[in-house]
Amino acid sequence: MALLDPAPDARVLEVGCGVGHALALLAPRLPEGHVTGLDRSASALGHAEGRLRRWLEEGRVDLQHRELSAFHGDGRGYDAVLAVNVNAFWTDPTGPEASRVVDLLLPGGDVVLAWEPPPGHDEDPRVRQGASAALARTGVRAEHGTTDGVLWVRARVPG
């Protein structure tokens, strides 16, 4: 989680949360905050519920079964949005995903898009180029790099 360092009271959205690995790392770091996990797979969210039961019961985490395009949150913006291994952000840089994420962020909010190349495979430059281009279309300037084998693209919404 070194790429995302939210304040203890932050509201964070993870797009494509899958079985909840990143949510389980984020929830303890947000004792006064809230994390929403969004995924289109009911099966993955079922596994996430088991992993995140404690934080779900405390009301610090919620899970949403829907597509990003159909997600509108609760009307309040997010301090940060995270997406790990969500290919839509780079496979179609002209698609609506980056704009939707930026729309959900508060001014000064951060978006972090990260990918883990499969074991034994080199980083694909199309991932960085596509994700950076998608964010650039929204008017935010992205920085990028690789940390511990994880490729990332990060941007801050002007605030």
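When every alpha-carbon pair in segment 31-120 is counted, what percent end up more than 18 Å apart? Cα-Cα pairs in segment 31-120 separated by more than 18 Å: 51 percent. Computed packing ranks the peptides 11-20, 142-151 as 11-20, 142-151, most packed first, by mean other Cβ atoms within 10 Å.
Of the trypsin sites (Lys or Arg not before Pro) found in segment 55-159, the ones in coil according to DSSP and having at most 14 other Cβ atoms within 10 Å of their Cβ are R66, R76, R141.
From largest to smallest, the equivalent ellipsoid semi-axes obtained for segment 73-159 from the alpha-carbon gyration tensor read 23, 13, 11 Å.
Stokes-Einstein diffusion of the chain at 37 °C, 0.692 mPa s viscosity, Kirkwood radius from Cα pairs, rounded to a whole number: 210 µm²/s. Model label points for E143 and E116, set 7 angstrom from Cα along the Cα-to-Cβ axis, are 2.4 nm apart.
Between H47 and E32, residue separation times 0.36 nm minus the direct Cα-Cα distance comes to 2.9 nm.
FYI, it's all coordinate maths here, none of it is from the lab. Quick caveat: nothing in here was measured; it's all calculated off a predicted structure. Virtual Cβ from ideal backbone geometry, glycine too; neighbours counted across all protein chains shown.
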